[in-house]
Amino acid sequence: MRELIAILRGITPKEVCQVAEVLIQSGITTIEIPLNSPNALKSIELMVKSFDKEIVFGAGTVLNKIQVKDVYDCGGRLIVSPNCNIDVIKETKCKNLISLPGVFTASECFSALENGADGLKFFPSSLIQPDGFRAIKAVLPK
């Protein structure tokens with residue numbers, strides 16, 4: 001799994017390729033546009049068409065299977081959610097996309113992984129103290 005994902009919250013299609021180019025030149029190879037950004041799918045489509053296939057573009061704030069399909073249709077390869085929606089995870093994996101659902105509890109972590117998640121997004125991470133994160137990490141598979 002990739003170490004760092006750039007999140008371009010609120011970016012517009014007009015500026016997205018210029019910003020993506022700077023990020024890519026800086027070594028970032030995974031870029032997410034939250035679907036609640038202005039015309040997010042168009043921004044993803046523009047990046048996919050403009051840059052190397054090695055760069056992974058996708059969407060955040062993905063809440064349902066229809067949105068997974070929309071991201072897939074515009075060439076996105078990454079699905080990030082704020083929650084652990086099993087239907088979203090399964091649809092994401094059915095389309096051979098990368099799945100990073102939002103989790104907070106050990107139960108959500110295991111449920112996400114058992115249903116095919118490629119990684120986990122701890123959300124909201126600001127509420128998890130270091131000891132709590134260490135405790136969850138101790139029981140999760142590598």
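Just so you know, in region 1-48 the residues that are acidic (Asp, Glu) and in a helix (DSSP H, G or I) include one that is least open to solvent (accessible area, probe 1.4 Å), and it is GLU45. Of the listed requirements (1) exposed (fewer than 15 other Cβ atoms within 10 Å of the Cβ); (2) part of a loop (DSSP other than H, G, I, E, B); (3) aliphatic (A, V, I, L, M), ILE66 misses just one: (2).
Close Cβ contacts (under 7 Å, 6 or more residues apart or on different chains) running from residues in region 8-37 that are under 23 Å from TYR72 (Cβ atoms) and touching a residue at least 40 places away in the same chain (Cβ under 8 Å) to residues that are open to solvent by 60 Å² or more (accessible area, probe 1.4 Å) and in a helix (DSSP H, G or I) are absent. Pairs are defined by a Cβ separation below 8 Å, a sequence spacing of at least 6 or placement on different chains, a first member in region 81-95 that is closer than 21 Å to SER125 by Cβ, and a second member that is open to solvent by 10 Å² or more (accessible area, probe 1.4 Å) and of a type in the set (Phe, Trp, Tyr); the pairs so defined are PRO82/PHE123; ASN83/PHE123. Screening ASN83 on (1) part of a loop (DSSP other than H, G, I, E, B); (2) within 28 Å of PHE133 (Cβ to Cβ); (3) open to solvent by less than 40 Å² (accessible area, probe 1.4 Å) shows it passes everything except condition (3). If the condition is being under 29 Å from GLU21 (Cα atoms) and surrounded by fewer than 24 Cβ atoms within 10 Å (Cβ to Cβ), then region 86-109 contributes LYS93, LYS95, ASN96, LEU97, ILE98, GLY102.
The values are calculated or read from the model by the stated rules, or taken from the named source; none is laboratory data. All figures in this text were calculated on a predicted structure; none of them were measured in a lab. Every residue, glycine among them, receives a Cβ derived from its backbone with ideal geometry; neighbour counts consider all protein chains shown. These area figures cover heavy atoms from the full protein model, side chains too; ligands, DNA and RNA do not enter into them. Shrake-Rupley method; radii C 1.70, N 1.55, O 1.52, S 1.80 Å.
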